[in-house]
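Visitor: Next up is a structure, given as C-alpha cells.
Read-outs: derived from the displayed coordinates by stated rules, not from any lab. Keep in mind the model is a prediction, meaning the values are calculated, not measured. Note: ideal-geometry Cβ built from the backbone for every residue, glycine included; neighbour counts use all protein chains shown.
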Amino acid sequence: MAIKLSDMAQKIKPSATLAVSSKAKAMVKEGIDVVNFGVGEPDFDTPQNIKIAGVKAIESGFTKYTPASGIPELKEAICEKLSKENGVTYQPDQVIVSCGGKHSIYNLLYVLCDAGDDVIIPAPYWLSYSDMAVMVGGVPVIVPTSEETGFKLTKEALAEKVTPKSKVMILNSPSNPTGMGYTKEDLRELVGFAIEKGIVVISDEMYEKIVYDGFQHASPASFGEEFRDMVITVNGVSKTYAMTGWRIGYAAGPTEVIKACGTIQSQVTSGPNAMAQKAAVEALIGDQSEVPKMVAEFDKRRKVIVKRLNAMKDVSCVTPIGAFYAFPNVSKHYGRKLGGKVVENSIGMCNYLLEHARVAAVPGEPFGADDHIRFSYATSMKRIEEGMRRMAKALK
C-alpha cells in the first residue's frame, strides 16, 4: 500500500532554479558542455579572511550547539552593521540568525500569518515567496509589474490589491530575478502606504551591496519609528560574501516578532551552523576589500550580457541596477517551431535552449513572469560570451 502524502506536500513545487541546475549538472556528468546560467550564487570563492575565521572556530572546538536564535557575538555584529550601513538601530534581542535568508523569511511568514491571510507579492518575484506563503496557510496575492515601470510596484497597483485580509507584503530590492531596485522615494511611498493599511513589510535586502551605476540602496526600516515598528529587515552573508553554502541569514525587527521566530526555530532547526556563525562575524566586521572587487566584475559581465541579449532578434532585456541577473523578454519567439517542437512558454524555451544550445537558464513562469527567462551572470566572462553565442545561433 502506497503512503499518501499530505495535501500541503503535494501543493508545493520544487525550486525551479535547483531543478535547472541539477539537469545541467547531470548533462555535464555525461560529458556534455553546458553553459550554466541557472543557480544564483557568486562564482567567486569565499574571501580568505572569512574562511580562516571558520577554520579557527573548528580548531578551537566551537562545534557544539549554539543558542537557537544565534550567538551573541554575531547578533552584535549584525546590529553594528545595520546601524552603521543602513541607519537603523536594533538591540540583539531584535535579531535572529537563521539557516539562510530563505529560512528567515519562512520563520517570519509562519509567525505573522494565520490561515487565509493575504501575502502581497509583486511580480516578478523570487520564486520561493509564494510557496512559502502557501506553506504557512497564507494566500499569495500576486501584483504584476511591467517592463515599462522597470518592474517596480506602484502605489496605485498596490492599492487595488489591499483588502481587510492583507497581512504581509514582501519587497525585494535589489530584486531577484529582475535586478530592479527601489529608490528611497519609491520605498517611502510604497511602504508608507502599506503601513497606513496595517500591513507588515518584509524587506528582503540580500543583494544590497551588489548595485551599479551609482544606485543607492535604502532600508525602509530607517525612515522613522513608525516604519521601524512595521518593517522587518532580512539579509544575510550568502551573496555579498560568496557564502551561499555557509547558510547564514538574519532578520531584524520588533522584539515580539523576533522572539516568536526564535521559538519556532528552536523547535524546527535549533541554532544555525556554529562555525558558520563565527565566519559570518568576520564577514560583517572584518576586511571588506573583496566585496567591491566582486561587484566590479559583476558590473563588467552585466554590461556584456545585456548588450548581447538586446542584440538578438525579438529579445529585449531591461538593464538591471543590482544583483547578478538578466531577465530578458523572449515571448516574441513563443509559437515558433524550434528543435522540432513549438515553443509555447518560458519552460519550453528553457528546455529548447538546454537541449539544443546547451545553455541552462531558468523559466520565468515560477517567478510570475512567463514572458521572460532568467540568466545568472555569476559566471566567467568567457562562459557568458559562449552562452550568448550559442543562444543567438539557436534563435536564428
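Visitor: Starting from the coordinates of the alpha-carbon atoms of segment 48-285, obtain the Kirkwood hydrodynamic radius over all distinct pairs and give the value in Å to one decimal.
Guide: 18.0 Å
Visitor: Per DSSP H run of at least 4 residues, take -39500 (n - 2.57); add these up for the chain, divide by its residues and hand me the 222 nm value, nearest 500 deg cm²/dmol.
Guide: Working: 14 runs with 154 residues, N = 396.
Taking each H run of at least 4 residues, the total per residue is -12000 deg cm²/dmol.
Visitor: With contacts defined as alpha carbon pairs under 8 Å and 6 or more residues apart, what's the relative contact order of the chain in percent?
Guide: 23 percent
Visitor: Counting only DSSP beta bridges with both residues in the chain, what percent are antiparallel, rounded to the nearest 5?
Guide: 45 percent
Visitor: Work out the length of the dipole vector of segment 272-382 about its Cα centre, built from +1 on the beta-carbon of each Lys and Arg and -1 on the beta-carbon of each Asp and Glu, and round it to the nearest 20 debye.
Guide: Values: 16 positive and 11 negative charges, 114 e Å.
Its charge dipole is roughly 540 debye.
Visitor: Please arrange M388, M135 by how many other C-beta atoms lie within 10 Å of their C-beta, fewest to most.
Guide: Fewest to most other Cβ atoms nearby, the residues stand as M135, M388.
Visitor: Then there's this: Got a sec? Charge dipole of the chain, +1 on Cβ for Lys and Arg, -1 for Asp and Glu; which of I142, Y106, A24 is way out at the positive end?
Guide: Among I142, Y106, A24, the one farthest towards the positive end of the dipole of the chain is A24.
Visitor: Just rank H103, H372, H217, fewest to most, by other beta-carbon atoms within 10 angstrom.
Guide: So the ranking, lowest neighbour count to highest, is H217, H103, H372.
Visitor: I've got another one for you. Assuming a ≥ b ≥ c are the square roots of the Cα gyration tensor eigenvalues, decide whether segment 42-84 counts as rounded (a/c under 1.5), prolate (otherwise, with a/b larger than b/c) or oblate. Let's see the in-between values first.
Guide: Values: a/c = 2.11, a/b = 1.06, b/c = 1.99.
The shape class here is oblate.
Visitor: Between the helical axis of 184-196 and the dominant principal axis of the chain, each derived from Cα atoms, what acute angle in degrees is found, rounded to the nearest 10?
Guide: Rounded to the nearest ten degrees, it is 60.
Visitor: Loop only by DSSP, 12 or fewer other Cβ within 10 Å of the Cβ. Give me the trypsin sites (Lys or Arg not before Pro) in segment 2-34 that pass, ordered by residue number.
Guide: In loop regions of segment 2-34 (DSSP not H, G, I, E or B), the sparsely surrounded trypsin sites (Lys or Arg not before Pro) are K4.
Visitor: Related question: Quick check: the angle from helix 101-112's long axis to the longest principal axis of the chain, C-alpha only, nearest 10 degrees?
Guide: Here the helix axis deviates by roughly 60 degrees.
Visitor: Placing unit charges on C-beta atoms (Lys and Arg positive, Asp and Glu negative, everything else neutral), compute the dipole magnitude of segment 48-285 about its Cα centre in debye, rounded to 20.
Guide: 740 debye
Visitor: So which chymotrypsin sites (Phe, Trp or Tyr not before Pro) in segment 1-89 are both in a DSSP loop and have at most 15 other Cβ atoms within 10 Å of their Cβ? Please list the in-between numbers first.
Guide: Details: sites: F37, F44, F62, Y65; in loops: F37, F44, F62, Y65.
Answer in residue order: F44, F62, Y65.
Visitor: Output the 0 to 90 degree angle, nearest 10, between the alpha-carbon long axis of helix 274-285 and the longest principal axis computed from the alpha carbons of the chain.
Guide: Result, in degrees: 90.
Visitor: Moving to a separate point now. Of all GluC sites (Glu not before Pro) in segment 290-374, which ones are in loop regions per DSSP and have a Cβ with at most 12 other Cβ atoms within 10 Å?
Guide: E344
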